[in-house]
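Take a look at the structure set out below.
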2 protein chains.
Amino acid sequence: MNRTELCPRFEQAVSLLSRRWNALIIYSLLDGPSRFCEVTETIGISNRLLSERLKELETDGIVSRTVSGDSPVRIQYSLTEKGMALLPVLQELESWATKWVDPAPEPAE
Amino acid sequence: MNRTELCPRFEQAVSLLSRRWNALIIYSLLDGPSRFCEVTETIGISNRLLSERLKELETDGIVSRTVSGDSPVRIQYSLTEKGMALLPVLQELESWATKWVDPAPEPAE
DNA sequence: ATTTAATAGTTACGTTTAGTAACCACTTTA
DNA sequence: TAAAGTGGTTACTAAACGTAACTATTAAAT
């Protein structure tokens with residue numbers, strides 16, 4: 001009847017990566033800091049959701065937002081140490097994908 | 001304007017694990033085959049969603065459904081080789097969680 | 001013999017979340 | 001001065017999720 005198993009930390013980690021776009025956002029930031037529009041272009045997320053996700057990831061301590069330059073005001077998003085530490089997870093997922101996912105991109109209706 | 005980056009296989013893998021419950025379902029099946037109600041009890045998913053997810057995971061070739069026994073008809077869900085291969089991904093996530101997620105379970109309203 | 005419980009789901013419905021599109025303020029470039 | 005880029009927000013629609021109730025089958029309990 002009631003759930004007894006599962007580590008709550010693991011569950012939290014799963015819910016983080018299960019939130020749509022989070023894995024791709026983190027993945028794209030693993031290459032180094034990016035600007036808002038760079039992320040939208042590389043992963044294809046909308047402004048609305050990226051804005052939302054980045055705020056959430058900031059409060060989770062995974063992404064940090066920095067403002068640089070005075071006149072054109074450049075805003076950069078980068079991974080914290082905690083965020084960087086997700087690298088091996090995404091690397092394993094990447095190697096799983098190359099081994100097991102065939103590249104057929106939805107059979108074309 | 002248009003997206004040029006990102007491996008489509010990786011994107012598919014991400015969308016698989018980003019689908020809510022999928023990671024936990026796979027995680028619970030890594031311990032060995034389970035029955036329908038065992039999964040609902042260990043991870044806390046509803047019947048409706050588990051049924052839906054299991055069908056999807058079956059068509060993705062990650063889970064296999066087997067019927068055993070004649071009179072009480074036991075239905076078992078287990079991971080395929082492709083599903084098993086996700087073990088290192090979840091292991092890395094688990095070790096990330098133990099290192100970086102603090103066990104505060106939502107500050108209690 | 002009939003009720004109760006367990007298994008493996010399905011159906012209906014309401015709420016949340018995600019996606020699309022338009023817009024805004026500011027700055028720079030043409 | 002108009003157009004384009006950046007970093008978003010607002011409003012609206014569509015899809016996903018959660019809850020609860022229900023079904024069919026079998027088995028155990030009363």
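The values are calculated or read from the model by the stated rules, or taken from the named source; none is laboratory data. Predicted model, so just to flag it, every value in this text is computed and none were measured. Here the Cβ positions follow ideal geometry from the backbone for every residue, glycine too, while neighbour counts run over all protein chains shown. Heavy atoms of the whole protein, side chains included, go into the accessibility calculation; ligands, DNA and RNA do not. Shrake-Rupley method; radii C 1.70, N 1.55, O 1.52, S 1.80 Å.
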ask   = For the range B:39-54, what are the residues that are within 24 Å of A:TRP100 (Cα to Cα) and away from DNA strand D (no atom under 12 Å from the Cβ)?
value = B:LEU54
note = Those residues of the range A:68-83 which are within 9 Å of DNA strand D (Cβ to nearest atom), open to solvent by less than 90 Å² (accessible area, probe 1.4 Å) and at pLDDT 90 or above amount to A:ILE75, A:GLN76, A:TYR77
query = modelled with pLDDT of 95 or more, within 12 Å of DNA strand C (Cβ to nearest atom) and not charged (D, E, K, R) - does that describe any residue in the range B:84-91?
reply = no
key: Matching residues, the range B:16-51, being more than 7 Å from chain A (Cβ to nearest Cβ) and open to solvent by 70 Å² or more (accessible area, probe 1.4 Å)   = B:ARG19, B:ASP31, B:PRO33, B:ARG35, B:GLU38, B:ASN47, B:ARG48
key: First in the range A:38-53 and at positive phi, second anywhere and more than 9 Å from DNA strand C (Cβ to nearest atom), Cβ under 7 Å, 6 or more apart   = A:GLY44/B:ARG3
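Let's see how each residue does on (1) closer than 18 Å to B:GLU5 by Cα; (2) away from DNA strand D (no atom under 16 Å from the Cβ); (3) open to solvent by less than 20 Å² (accessible area, probe 1.4 Å):
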residue: A:LEU6; (1), (2), (3): no, no, no
residue: A:PHE10; (1), (2), (3): no, yes, yes
residue: A:THR59; (1), (2), (3): no, no, no
residue: A:SER95; (1), (2), (3): yes, yes, no
